[in-house]
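Working notes, beginning with the structure itself.
The values are calculated or read from the model by the stated rules, or taken from the named source; none is laboratory data. The model shown is predicted, which means the values in this text are computed figures rather than measured ones. Neighbour counts run over all protein chains shown; Cβ positions are idealised from the backbone, glycine included.
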Amino acid sequence: MILDLFPIKTGIWSLGMDAAFDQGLYEELLQLNASMQTGDQIWERKDHNIFDGHSPRCQTLQTVVLSKVQELLGPSGRLIHVQGREVVRSSGVEIMPHNDEDECDVQAIYFPFGPELDASLGLMPQINQFAPNGFAICNPAWRSSGFAGLLMPWESPSKFWIKPHRGLLIAFDARAIHFQKPYFGEQPFMNILFNIKVERIHG
């Protein structure tokens, strides 16, 4: 008997947030990001939590997003803490492969900026494609030239591509390797991160 074990559970949703709401959120967090940056790199910033209660827009988004993450966890999981951050990238900047298991158990990412989804089309054909600024979720044991290790004969590159759109939310096991290709555009691009701690209720 041969078994393929342990897939990566991932949630992908179109939240359907109003465009004016997302624009206001984007502008608000863009100003916050400018005040928090301490260097040229996207990770060089003061420690802060955008879900600390100071922003009504952030609180609204948090309520919607955490309800979706609870769907991902199911009845055997419970959310116990969330920290939020904004990641702002200018043209040409990419996010290198990494995981966030040292910071959280589940990571969710919301895109308040990007091309619009077409409600008359299915979600997957629009988002599951390689593109500039593409976001990839990979198996925790993913191997590439940047991650030494043998690709076994039965393995294929374990990578799922997502083309960011405004209003799109993704959530996944924080042990998964993920990265984002360079963004090319005139306006800065923004990811809103939810670093979420969870606990198992049963079993």
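Summary of values
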| item | result |
| --- | --- |
| Output for segment 188-203, where each listed residue is in a loop (DSSP other than H, G, I, E, B) and at pLDDT 95 or above | Pro188 |
| Whichever residue in segment 116-157 is aromatic (Phe, Trp, Tyr) and modelled with pLDDT of 90 or more and, among such residues, is surrounded by the most Cβ atoms within 10 Å (Cβ to Cβ) | Phe135 |
| One residue from Ile80, Ile8, Ile2 being within 18 Å of the chain's Cα centre (by Cα) and among the hydrophobic types (A, V, I, L, M, F, W, C) | Ile8 |
| Flag if Phe160 is of a type in the set (Phe, Trp, Tyr), modelled with pLDDT of 95 or more, buried (at least 16 other Cβ atoms within 10 Å of the Cβ) and out of contact with any Gly (no Cβ under 6 Å at 6 or more places or on another chain) | no |
| Pick from segment 86-114, criterion assigned to a strand (DSSP E or B) and charged (D, E, K, R), ranking: surrounded by the most Cβ atoms within 10 Å (Cβ to Cβ) | Glu86 |
| Any hit, segment 50-60, residues being in contact with a strand residue (DSSP E or B) (Cβ under 7 Å, 6 or more places away or on another chain), more than 25 Å from Pro125 (Cα to Cα), in contact (Cβ under 8 Å) with a residue 60 or more places away in the chain and in a helix (DSSP H, G or I) | no |
| Hits in segment 45-59 (condition: of a type outside the set (A, V, I, L, M, F, W, C) and under 23 Å from Ala19 (Cβ atoms)) | Ser55, Pro56, Arg57, Gln59 |
| Sole residue being more than 25 Å from His202 (Cβ to Cβ) and touching a Cys at 6+ places or on another chain (Cβ under 9 Å), chosen from Pro97, Pro56, Pro115 | Pro97 |
